[in-house]
Amino acid sequence: IIGSGLLLSAGEKIRAVAPKAEKAAIVSDDNVAPIYLEKVEKSLQAQGFQVCSFVFPHGEGSKNGRTYLEILNFMAANHISRSDLAIALGGGVVGDLAGFAASAYMRGIDFYNVPTTLLSQSDSSIGGKTAINFGGVKNIVGAFYQPKMVLIDPDLLKTLPKRQISNGLAEAVKMALTCDSVLFELFEKEDVESHIDEIIIRSLEIKKSVVEQDEKEAGLRKILNFGHTIGHGIESSENLSELYHGECVALGMLPMCSDSLRPRLKAILEKLGLPTTCNVDPDSVWQAMSHDKKLSGDTITVVYVEKAGSFDLRKMPLRDLKETVYQFLNGKV
């Protein structure tokens with residue numbers, strides 16, 4: 001459900017889907033909670049929910065086994081039952097942690113997503129991927145677990161720093177490159193800020209269509225990984241601190257598109273305030289990439305874009321991918 005001002009009616013929307021639930025366990029972070037948590041709590045309490053809230057330190061560094069277990073302990077300590085529900089109030093890290101905990105607690109309780117960042121509103125809040133980072137590898141432990149409902153209020157973006165807006169737009173550019181040439185041209189030619197609602201909706205329509213056809217990534221859903229193979233390697237090598245996820249995806253898209261398309265993509269990324277180069281050790285990136293879930297023997301399936309609005313799933317020998325990574329990070333692509 002998408003709409004301005006939706007946050008204030010979150011309790012009503014959730015109660016309509018969960019008429020018998022007694023308790024709602026909200027999971028949020030210390031960036032989001034001071035701004036929005038009380039509003040959501042009151043909205044739920046007005047609908048008769050008993051509300052408990054768990055707040056953890058913001059950032060990718062919290063997306064680990066320790067925080068995951070803390071959330072499970074919190075649910076157990078508050079006697080959340082199988083008929084109760086969990087709510088993620090925050091960005092992608094919050095959604096990943098809350099969704100993964102909901103998937104495992106009592107073998108699965110209902111999970112509601114209230115995304116507060118552009119990246120989560122336009123991409124990660126739907127599709128059912130939940131995970132934590134483990135052993136220095138991003139998203140290597142997790143589950144496919146669909147939210148019962150996703151409530152998207154674009155008004156929440158007004159409190160975001162500009163860098164976070166840019167971070168989210170990277171995933172929307174990914175959708176445009178693989179599936180929507182009209183959206184790609186919007187990024188090229190239009191004032192992006194005045195089209196945020198349209199960008200969110202078009203991005204979600206693409207992801208919704210892809211996930212409905214291939215929920216667990218047997219084939220088509222792999223296109224949603226465009227830019228992520230190299231991007232995750234960069235993100236992991238940066239110790240999950242300097243660059244945001246969307247910024248890493250932006251970098252990862254550049255070497256995976258045609259020579260004719262790359263200058264257009266680079267101009268869009270610069271327009272959106274996203275990086276097109278980074279100072280990172282190629283050996284460190286390749287080491288992180290060697291743990292990629294998509295690896296199969298000596299090859300990996302990568303998404304390649306020849307022309308905006310289209311894609312090609314290619315099986316690439318690892319030696320060729322390694323050469324591409326090193327050339328890109330050394331400024332030769």
Sort out which residues of segment 140-170 are in contact with a Lys or Arg (Cβ under 9 Å, 6 or more places away or on another chain) and either of a type in the set (D, E) or farther than 22 Å from Y112 by Cα (or both), and write them in order of number.
I140
Report, by residue number, each residue of segment 15-27 that is in contact (Cβ under 8 Å) with a residue 60 or more places away in the chain and assigned to a loop (DSSP other than H, G, I, E, B).
A18, K20, A21, E22
Across segment 296-319, what is the number of residues that are more than 19 Å from I206 (Cβ to Cβ) and either basic (K, R) or in contact with a Phe, Trp or Tyr (Cβ under 6 Å, 6 or more places away or on another chain) (or both)?
3
Residue within segment 28-40 that is over 14 Å from G95 (Cα atoms), among the hydroxyl-bearing types (S, T, Y), at pLDDT 95 or above and part of a strand (DSSP E or B) present:
no
Could you list, ordered by first residue, the pairs with Cβ atoms under 9 Å in which the first is in segment 97-111 and at positive phi and the second is assigned to a helix (DSSP H, G or I) and among the hydrophobic types (A, V, I, L, M, F, W, C), at least 6 apart or interchain?
M106/M75; G108/A102
Considering every residue within segment 233-245, establish whether at least one is hydrophobic (A, V, I, L, M, F, W, C), at pLDDT 90 or above, in a helix (DSSP H, G or I) and surrounded by 16 or more Cβ atoms within 10 Å (Cβ to Cβ).
yes
Hits in segment 60-90 - residues which are open to solvent by 30 Å² or more (accessible area, probe 1.4 Å) and assigned to a loop (DSSP other than H, G, I, E, B):
N64, N78, H79, S81, R82, S83
The residue from L251, L274, L318 that alone is among the aliphatic types (A, V, I, L, M) and open to solvent by 30 Å² or more (accessible area, probe 1.4 Å) is L318
Do we have S258 as surrounded by fewer than 16 Cβ atoms within 10 Å (Cβ to Cβ), modelled with pLDDT of 95 or more and small (G, A, S) here?
yes
For the list (1) touching a residue at least 40 places away in the same chain (Cβ under 8 Å); (2) surrounded by fewer than 17 Cβ atoms within 10 Å (Cβ to Cβ), I need the number of the one condition that V302 fails.
(2)
Do we find a residue being in contact with a Pro (Cβ under 9 Å, 6 or more places away or on another chain), of a type outside the set (G, A, S) and over 23 Å from L243 (Cα atoms) anywhere in segment 129-148?
no
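Table: residues versus (1) among the charged types (D, E, K, R); (2) more than 22 Å from G128 (Cβ to Cβ).
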position	(1), (2)
S194	no, yes
I200	no, no
S209	no, no
E212	yes, no
R221	yes, no
L224	no, no
L243	no, yes
Among residues belonging to segment 34-50 that are hydrophobic (A, V, I, L, M, F, W, C) and open to solvent by 40 Å² or more (accessible area, probe 1.4 Å), point out the one that is farthest from the chain's Cα centre (by Cα).
A46
Limited to segment 261-287, what total is found for residues that are within 15 Å of E185 (Cα to Cα), part of a loop (DSSP other than H, G, I, E, B) and under 23 Å from the mean Cα position of the chain (by Cα)?
1
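The values are calculated or read from the model by the stated rules, or taken from the named source; none is laboratory data. Worth saying up front: this structure is predicted, and the values here are computed from it rather than measured. Cβ coordinates were reconstructed from backbone atoms using ideal geometry, including for glycine residues, and neighbour counts include every protein chain displayed. Only protein heavy atoms, including side chains, enter the accessible area calculation; ligands, DNA and RNA are left aside. Shrake-Rupley method; radii C 1.70, N 1.55, O 1.52, S 1.80 Å.
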